[in-house]
Amino acid sequence: MGFEKFIPPQTSGVRPRATIRPSGLISFDASSVEAFGLNSVSYAVLFFDKTRKIVGVQMTNKAGDDGALKLSRRRRSVSLKAPQFFDLYGLSFDEAQRFDVGQNPTTKMLTISLKNIPRRRGRRPKKT
């Protein structure tokens, strides 16, 4: 039997990341856009798991979905603005922070773990 040539697969080596800014802007980098096909969607719905401190981002093309937020595109990134989401769950950022982005294989929901981000103390703002 002869030798077979091994050619490693071409991977960029860059993990999908998201940046969350103090203004409540969540932006997904070019690697996330490519890995999760974010160019083909226009809206996102946010979820939060309080016990594990994980943000879930469900991508959709339906503007009528409850809580659907319009996605903005800039160059090769995709972003959405949701300051009320972070206020509701007592999450605050003093500066922009980057996080790895994963995907739940069953629901296809994007996940961002905020385990190391302290929640604000005190009462939540009253719902109006």
**Request:** Can you tell me which residue within region 103-128, out of those that are in a loop (DSSP other than H, G, I, E, B) and of a type in the set (A, V, I, L, M), is modelled with the lowest pLDDT?
**Result:** 117
**Request:** Evaluate region 20-41: report whether one residue or more is loosely packed, with under 10 Cβ neighbours inside 10 Å and of a type outside the set (A, V, I, L, M).
**Result:** yes
**Complete:** Taking first residues from region 79-91 that are free of Cβ contacts under 8 Å to residues at least 24 places away in the same chain and second residues anywhere that are surrounded by fewer than 17 Cβ atoms within 10 Å (Cβ to Cβ), the pairs with Cβ under 9 Å that are 6 or more apart or on different chains are none
**Request:** Determine whether residue 46 is in contact (Cβ under 8 Å) with a residue 12 or more places away in the chain, surrounded by 12 or more Cβ atoms within 10 Å (Cβ to Cβ) and within 10 Å of the chain's Cα centre (by Cα).
**Result:** yes
**Request:** Residue by residue through region 1-17, note down the ones that are within 29 Å of residue 98 (Cα to Cα) and modelled with pLDDT under 70.
**Result:** 9, 10, 11, 12, 13
**Request:** Can you give me the number of residues within region 30-88 that are of a type in the set (Phe, Trp, Tyr) and over 17 Å from residue 104 (Cα atoms)?
**Result:** 3
**Request:** Those residues that are among the hydrophobic types (A, V, I, L, M, F, W, C) and not in a loop (DSSP other than H, G, I, E, B), I need them from region 27-42; list them, please.
**Result:** 28, 30, 33, 35, 36, 38
**Request:** Identify, from the list 52, 76, 98, the residue that is of a type in the set (Lys, Arg), touching a Ser or Thr at 6+ places or on another chain (Cβ under 6 Å) and touching a residue at least 12 places away in the same chain (Cβ under 8 Å).
**Result:** 98
**Request:** Read through the list (1) surrounded by fewer than 18 Cβ atoms within 10 Å (Cβ to Cβ); (2) out of contact with any helix residue (DSSP H, G or I) (no Cβ under 8 Å at 6 or more places or on another chain), then give the number of the only condition that residue 82 fails.
**Result:** (1)
**Item:** Where residue 46 falls short, out of the listed (1) among the hydrophobic types (A, V, I, L, M, F, W, C); (2) modelled with pLDDT of 95 or more; (3) over 16 Å from residue 117 (Cβ atoms)
**Value:** (3)
**Any chance residue 70 is loosely packed, with under 14 Cβ neighbours inside 10 Å, farther than 20 Å from residue 118 by Cα and in contact with a Leu (Cβ under 9 Å, 6 or more places away or on another chain)** = yes
**Prompt:** Has region 46-56 got at least one residue that is among the β-branched types (Val, Ile, Thr) and either within 14 Å of residue 20 (Cβ to Cβ) or in contact with an Asp or Glu (Cβ under 7 Å, 6 or more places away or on another chain) (or both)?
**Reply:** yes
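The values are calculated or read from the model by the stated rules, or taken from the named source; none is laboratory data. None of the values given here were measured: they were computed from a predicted structure. Virtual Cβ from ideal backbone geometry, glycine too; neighbours counted across all protein chains shown.
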